[in-house]
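The values are calculated or read from the model by the stated rules, or taken from the named source; none is laboratory data. Because the structure is predicted, anything quoted here is derived from the model rather than measured. Quick reminder, even Gly has a Cβ in these numbers, built from the backbone with ideal geometry, and neighbours come from all protein chains shown. Side chains included, ligands, DNA and RNA excluded: accessible areas come from the protein's heavy atoms. Shrake-Rupley method; radii C 1.70, N 1.55, O 1.52, S 1.80 Å.
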Amino acid sequence: MPGVEKLLTELQKANIKRCVVTHSPSDLVAIARSKNPILNSIPNWITRKDYVHPKPHSECYLKAIELLAKPEDQVIGFEDTPRGLQ
């Protein structure tokens, strides 16, 4: 996505919590990360093995919030698939 490398770099510099929630299996995530090194700046990855219900169910997103956010935190999410947008 245009601008994402700069955004991820700035989030890393500011030590802002970051996470990817994906329905992809871990082995495909590893391939994507090896081809796009900036993705390694994201320390937390929730993949298909980490939740039961596939998108568009909210379980995977709620899991990320539960693991990483405090009640007073502000959370923003970016979605890049039609299924996830549902």
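For the chain, the fraction of 1.4 Å probe accessible surface lying on carbon and sulfur atoms is 57 percent.
Over the chain, what is the mean sequence separation of C-alpha contacts under 8 Å (at least six apart), divided by residue count, expressed as relative contact order in percent? Before the final figure, lay out the partial values.
On the way: 69 pairs, mean separation 23.0, N = 86.
RCO, the chain: 27 percent.
Treating only the Cβ atoms of Lys and Arg (+1) and Asp and Glu (-1) as charged, compute the dipole magnitude of the chain about its Cα centre; round to the nearest 20 debye.
On the way: 12 positive and 10 negative charges, 42 e Å.
Dipole magnitude for the chain comes out near 200 debye.
Of the options [x] -0.59, -0.77, -0.87; [y] -0.54, -0.68, -0.75; [z] -0.69, -0.84, -0.91, only one is log10 I(q)/I(0) by the Debye sum over Cα atoms at q = 0.15, 0.17, 0.18 Å⁻¹ as computed from these coordinates, and that is [x].
Distance between the 7 Å Cα→Cβ label points at E5 and L68: 2.2 nm.
In the context of the full set of protein chains, residues of the chain present 75 Å² of accessible surface per residue (probe radius 1.4 Å, heavy atoms only). Loop-located chymotrypsin sites (Phe, Trp or Tyr not before Pro) in segment 51-86 (DSSP state not H, G, I, E or B) with no more than 15 neighbouring Cβ atoms inside 10 Å: F78.
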